[in-house]
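Single-structure report; data block below.
Each value in this text was obtained by applying a stated rule to the coordinates, not by laboratory testing. Keep in mind that what you see is a predicted model, and the values were worked out from it rather than measured. With ideal geometry, Cβ positions are generated from the backbone for all residues, glycine too; neighbour counts draw on all protein chains shown.
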Amino acid sequence: MLFLLWLLPSVLAAQPSTPDPISAPLRVLDFGQLNFLHTTDTHGWLAGHLQEPSYSADWGDYVSFATRMREKAEAQGQDLLVIDTGDRVEGNGLYDSSEPKGIYLSDIFRHQDIDLLTSGNHELYKQNTSEAELLVTVPNFRGNYLASNIDIIHPTTNELVPLAPRFKKFTTKKQGIRIVAFGFLFDFNGNYNNTVVQRVSSTIKEDWFQEAIRDKEVDLFLVIGHVPVHSPEYRAIFKAIRGIRWDTPIQFFGGHQHVRDYAQYDSKAFGLASGRFMETIGFMSIDGLASKASHQSAVGPVFKRRYIDNNLLSYYHHTGLDQKTFPTEKGLNVSRLITKARSELHLDKVHGCAPRDLWMSRAKYPDPNSIYTWLETEVLRDVRDESRGDTPRLAIVNTGAMRFDIFKGPFTQDSTFIISPFTSTFRYVKDVPYDKAQLIVEVLNEQPQILSTDESSPTTLGPVEQLAYPEDVIAQNWPSPDEQIPMSGPALVPGYTTKDDAGTDGDDTIHSPISFYRVPNCIQTLISPNALETPKTVDMVYLDFIESKVIMAAKFAGFDVDIAKESDVYMPNMSLTNLILDWVKKNWKC
Ligand SMILES: Nc1ccn([C@@H]2O[C@H](COP(=O)(O)O)[C@@H](O)[C@H]2O)c(=O)n1
Ligand SMILES: [Zn+2]
Ligand SMILES: [Zn+2]
């Protein structure tokens, strides 16, 4: 059933730069015995999207939404569980702009009543981030944080300990559904050396896991993880559980690829991935589970999924409430906390004004509207180390270092971290024959554009970095112009038109499709005093994050220099984030 809501400008006017919304036809949520709300890859976007009305609800609104949805489910004698599958950090001023990073964010995040959560790869890149998980987030969510395959060196005892409990068994409040839950991270190997991520394939051979899946008093296995739902890791977990429990329903929640996705493993096992950056709240319901309340055994359970656009009108619609009746006191307080934090962090401070939109994947590459073309032709021209003077240099940047589009208008302190939050700095190798440097970039770009081996296989070259939208997911989930759902009435708002294993009716809001284009793994800029001549040799400059990939690509390219030994710091302490910020301040006057 569809509802057509006229989005009232006043509803979203709370965000200063939010343009007037138009209209949004909405699908309903079908509740079941057991219901879930799911976030993943929020990357600090707890203030929501200030420039995109479709995703403008903040964490406080989500706190109200979860409360209201729980009330609604429980009033119907049903249960609701709230899940988060990691990558909560890095990617927004609310996290990256504080010193130390994250002090405001963790204090906002903790107010959501989360039943189960786990770690992403971003929680593990740096020592202080994973230690904050151990010392702040795990205690904040006492007993609900799971880490089936992550250990950490405890900063005070120096002992290697599980980051959090490996699994958890519990019974739901209303229906008495007995659940065994796990919390996994994909086979990640880019973590700092204070943590150990055990490969999923070996974790599932461990005694504790084998015992847990042999428990006969279980109505549902719940696997949450920072793992793509279509991945070898989840396939392996599914096979391990199914091998022992041929009939028990299994629900997976995943993330990491920043896409809306839904996987069907068999008729009783499904997986939901709920996008990125607080754009999407995933909803799942399961009906027909064995349960104490209904004294029933499982009867062909029915699984249903929805991807909710994160805005107040979706929230009002799904709860049946309105501007007056929807907000909870706690939710409003969390929104106030966010406003206060943003103000203390000066996130609205304007550094410059972008003359046009610059897109990561909504524009072709190369193209004047591509953020990568802008980087290549303008920003990277400022790559210069004093000590190397005007020595010709080839600057190589992985496209994954860019995280979000730039919208025409004010470029703020928040935008600085939204578009590229990483503290990675530049390194270089001198006297690299120009043709070899070109070959190295070619090798880097020839790597398959999937992420299954990303940061996960030390033995193969693998892709330089993950694409924001891996190829298999593009084929599966991305809209194509001919998939537009015919609607009468007002024009649809452009947005997600997801295609997944259950079809094309997953999005709560019916949008018109947006075109997306593929980008290479790496872009490059040659900076040379003599623009007309190709230099014989260059300083090959790259972000330290991709050094291991550059080393392997150099081997493939037949460049016989020990890069790990010969490389050095280039532009000391200059991150890509700061390079861009300096460029914006100089070039984008308001
Ligand atoms: N210092 C860094 C860290 C990460 N990246 C990019 O992010 C990708 C992982 O992000 P997810 O949110 O998808 O986990 C990684 O593959 C890199 O592309 C980076 O560039 N620099
Ligand atoms: Zn992520
Ligand atoms: Zn991730």
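Here is how the numbers come out for the structure above:
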| item | result |
| --- | --- |
| Backbone HN-Hα couplings from phi across segment 302-307 [Karplus 6.51/-1.76/1.60, Hz, Gly and Pro as x] | 10, 9, 9, 10, 8, 9 |
| Between segment 30-61 and segment 151-176, the alpha-carbon center distance in angstrom | 25 Å |
| Built amide H within the under 5 Å cut-off of residue 509, gap 5+ | 27, 309 |
| Net +/- balance of residues flanking residue 43 in space, Cβ distance below 10 Å, scoring K and R +1, D and E -1 | -1 |
| Separation between Cα centres of segment 201-239 and segment 99-144, rounded to whole Å | 23 Å |
| Dipole magnitude of segment 53-160, debye to nearest 20 (Cβ charges: Lys/Arg +1, Asp/Glu -1, about Cα centre) | 140 debye |
| Members of 72/173; 349/408; 205/555; 173/304; 364/499 lying beyond 25 Å, as alpha-carbon distances in this model show | 205/555 |
| Unit charges at the beta carbon, dipole of the chain: most positive-side option, 497, 175, 310 | 175 |
| Set of aspartates and glutamates with alpha-carbon distance to residue 168 below 19 Å, sequence-local pairs under 8 removed | 79, 84, 113, 115, 133, 151, 206, 207, 211, 215, 217, 219 |
| Inter-centroid distance (Cα atoms) of segment 331-405 relative to segment 560-581, Å | 18 Å |
| Low-density loop positions, GluC sites (Glu not before Pro), segment 484-575 - DSSP coil, at most 16 other Cβ in 10 Å | 533 |
| Most positive-pole-ward Cα, 86, 224, 545, against dipole of the chain from beta carbon charges | 224 |
| Segment residue 348-residue 562, length gained on full extension (0.36 nm per residue, minus Cα span) | 72.5 nm |
| 391, 195 arranged by Cβ crowding within 10 Å, fewest neighbours leading | 391, 195 |
| Contact order relative to length of segment 347-425, as percent, for alpha carbon pairs under 8 angstrom and 6 or more apart | 45 percent |
| Relative contact order (%) - criterion: Cα under 8 Å, at least six apart; region: the chain | 16 percent |
| Neighbour cut-off at most 13 other Cβ (10 Å), DSSP loop, trypsin sites (Lys or Arg not before Pro), segment 246-348 | 324 |
| Pairs beyond 31 Å (Cα-Cα), from 126/340; 169/324; 565/585; 101/589 | 169/324; 565/585 |
| Qualifying GluC sites (Glu not before Pro) in segment 209-241, DSSP loop, other Cβ atoms within 10 Å at most 16 | 217 |
| Sequence of 583, 59, 374, 246 once ranked by neighbouring C-beta atoms within 10 Å, starting from the fewest | 246, 583, 374, 59 |
| Unit charges on C-beta of K, R, D, E only; dipole of segment 310-383, Debye | 260 debye |
| Charged-residue dipole, Cβ positions (Lys, Arg, Asp, Glu), segment 376-419 about Cα centre, Debye nearest 20 | 80 debye |
| Local electrostatic count at residue 154 - Lys and Arg +1, Asp and Glu -1, tallied over other residues with Cβ under 13 Å | -4 |
| Segment 394-402 - phi-based ³J(HN,Hα) in whole Hz, Karplus 6.51/-1.76/1.60, Gly and Pro as x | 10, 8, 10, 10, 6, 4, x, 5, 8 |
| Footprinting exposure proxy for 580, 563 (fewest neighbouring C-beta atoms within 10 Å first) | 563, 580 |
| Interchain or long-range residues, amide H under 5 Å from residue 80's placed H | 35 |
